[in-house]
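K.L.:
Take a look at the following structure, please.
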Amino acid sequence: MEKQPRLLASQLLLKNSLFEVSLNRVLLTWKEIATKKKRVSGGIHHPFKVAGPRSAAAALAWIASLCRVNWMAHNLASEFFFMSWLTFFITSHGTSHGVSVSEILAVRELDVDCGTKDDGRWQKMPQKSTEAYPYAFTVSYVERAWQHRWRCSDVTFHCLEGALCQQWVQTIREQLTALTSRPKHLLVYINPYGGKQQGERIYEQKVAPLFTLASISTHVIVTEHANHARDHLRTEAELKKYDGVVCVGGDGMFSEMVHGLVSRTQRDNGVDQNSPEEKLVPCTLRIGIIPAGSTDCICYATVGINDPVTSALHIIVGDAQPMDVCSVHHNNTFLRYSVSLLGYGFYGDMLADSERKRWMGPARYDFSGFKTFLTHHYYEGTVSFLPATDILGTPRDKTRCRAGCFICQHNGQLYSEDAPEICETDPDVSDSEYKGGWRVIRGKFLAINAASMSCACPRSPKGLSPAAHLADGTTDLILVRKCSRFNFLRHLLRHTSKYDQFDMTFVEVHRVRRFRFTPRYCQSDSELDLRENGKRLFSQICRDHPACSCSPAYSSWNCDGEILPHAAIEVGVHCQLIKLFVRGIEEQPVFEDLPSPCVV
Ligand SMILES: CCCCCCCCCCCCC/C=C/[C@@H](O)[C@H](COP(=O)(O)O)NC(=O)CCCCC
Ligand SMILES: Nc1ncnc2c1ncn2[C@@H]1O[C@H](COP(=O)(O)OP(=O)(O)O)[C@@H](O)[C@H]1O
Ligand SMILES: [Ca+2]
């Protein structure tokens, strides 16, 4: 015989505050909880310990037999903890599944009499359960899927009394309203031409329904030209009306958001962006990225996957992750900000070539990457940098920047205390000097890269600098000296394997706070003007042997996917200048005896 809900306990729970009830251990047993909708088929690695069925037939039988949901109000020592952790457990065959309130997306009452709403998210209740238990509500919550993906799952609760049902809904809504970090109003910019030109479709089909479910209102702008979003944010947007801004596109689109927001914040606070030494004011609005670009490095390196649904869910739950931003100057004039890659030589040349092949979509990078590899140009110049000596962590660490990173917290605190820089000298390096704490290296380089974060992306899941941190106030300066094509290929290939790309004689990596690059030959203003207009100069061919076809005098900088025509630049890191609607890459739990596939 089935157990009836313990009404006394449930009434007590709902009449009084959850606080009071938390003093008594309460277990409410609700009868016949039916459908968990949106089941994902096959290959799901569930982060919780779930003993799932092992075959499709067993899975169906198991789903059909999902029989009981127990809402448990725990007797917790800390009341605060209780408030943030109203936990529900779905029990089946002795297994349970807990969901934190902070990961509940929405709660909705169901009109059982009229049948369940069939809007693609709901499923018809079994006739037997609707007759016996005519009231129901559905809780949508975050479920972790494979490789850092998040999905929206639903669980429907049935009961005998309408009032009780409403009280549950109201109580859960109150809990959700108390989560103040969740955005309610968002300003969304869609780049219709990014990546495979799917931005609008991705937003309408995958993201907008989730924002609606979570009662987030949006103002959506489909951009009409490059820099539309940047200029709108910088000058026109009524930012006070919003809890955050969202871009649908790639790294270039994200870069527009950063430029718009950071410039607006500095202007509002009277900060001169042209001064390289100026301390910038952090932005208060968080930025969300719905990946729809070609590389999606920022999204991939902060979430662990470039998946629009996952990113939308991180926005809904109100995640926040601070991020470093580099400012780039030339002759005391502000050029750009960068959050991921600043690359001269290989990545600059590849980007310049790929811009002419935008019609190829994301494949342009493979084509231009291959072509640039074959040209094998090197560039002469001087790199000066201020090593970050007072911090935790090095670019050769085995540990990675993950959600709640201790190194970012520690180094971020150091930065805000304005600790003085101390630089030790290294007498072993023959072609480098030290000048006032700055280290100077001259040479011929195939690539000079600065990675302010790992720069992990689908092409290189560990990234350009796997141990770099999102918010530690430093950038990893990677110098790849002139070497054979074969060795350079080995270095590049190591970005895609478990081998260390820095463990090669012609590669060095330094964790720095500031750096400068000066090409061996000065660029004239006329050269710069022509480059700014996208033209490549004949005068770029080798200065020593004008008739030969060896390396040009200058490359360009790839600044988060935008080309900088100036070769001589000065770069400074601004610790935690912006915040994203992400939490950093979550550690994935280690499974013992994981059923495969495990369906939940
Ligand atoms: C022979 C195998 C070579 C494999 C090399 C893989 C190394 C990959 C490191 C990639 C770092 C990417 C850093 C991010 C750069 C983006 O900002 C930029 C613009 O992105 P988007 O706006 O989405 O177009 N993307 C690039 O510069 C392309 C890098 C692709 C490298 C092959
Ligand atoms: N409506 C538009 N038309 C043309 N270019 C645009 C538009 N909106 C944004 N852009 C520009 O497109 C470039 C690439 O955008 P992005 O979204 O990063 O795609 P991808 O990853 O494919 O490069 C960015 O530099 C951005 O400034
Ligand atoms: Ca950093």
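K.L.:
Where does each of 347-359, 445-457 land if you order them by average Cβ count within 10 Å, highest first? Spell out each step's value before the answer.
P.N.:
Values: 347-359: 18.6, 445-457: 26.3.
Result, highest mean first: 445-457, 347-359.
K.L.:
Check Leu110: other-chain or 5+ apart residues with amide H under 5 Å from its amide H, H built from backbone geometry?
P.N.:
Amide H to amide H, under 5 Å and 5 or more residues apart or across chains, Leu110 pairs with Ala136, Phe137, Thr138.
K.L.:
Ranked highest first by the average count of other Cβ atoms within 10 Å around their residues, in what order do 234-245, 170-181 fall?
P.N.:
234-245, 170-181
K.L.:
Of Lys196/Lys462; Lys444/Lys498; Lys357/Lys444; Lys240/Lys579; Lys184/Lys241; Lys240/Lys279, which sit over 19 Å apart, Cα to Cα?
P.N.:
Lys196/Lys462; Lys444/Lys498; Lys357/Lys444; Lys240/Lys279
K.L.:
Excluding ligands, DNA and RNA, what is the solvent-accessible area per residue of the stretch 153-260 at a probe of 1.4 Å, expressed in Å²?
P.N.:
Working: 4760 Å² over 108 residues.
Normalised by residue count, the accessible surface of the stretch 153-260 is 44 Å².
K.L.:
Right, another one. Give the peptides 495-504, 360-369, 568-577 in descending order of average Cβ contacts within 10 Å, highest first.
P.N.:
Output ranking for 495-504, 360-369, 568-577: 568-577, 360-369, 495-504.
The values are calculated or read from the model by the stated rules, or taken from the named source; none is laboratory data. If you're wondering where the values come from, they're calculated on a predicted model, not measured in any experiment. Every residue, glycine as well, gets a Cβ built from its backbone with ideal geometry; the counts of neighbours run over all protein chains shown. Quick note on the areas: whole protein, heavy atoms, side chains included, nothing else; ligands and nucleic acids left out. Shrake-Rupley method; radii C 1.70, N 1.55, O 1.52, S 1.80 Å.
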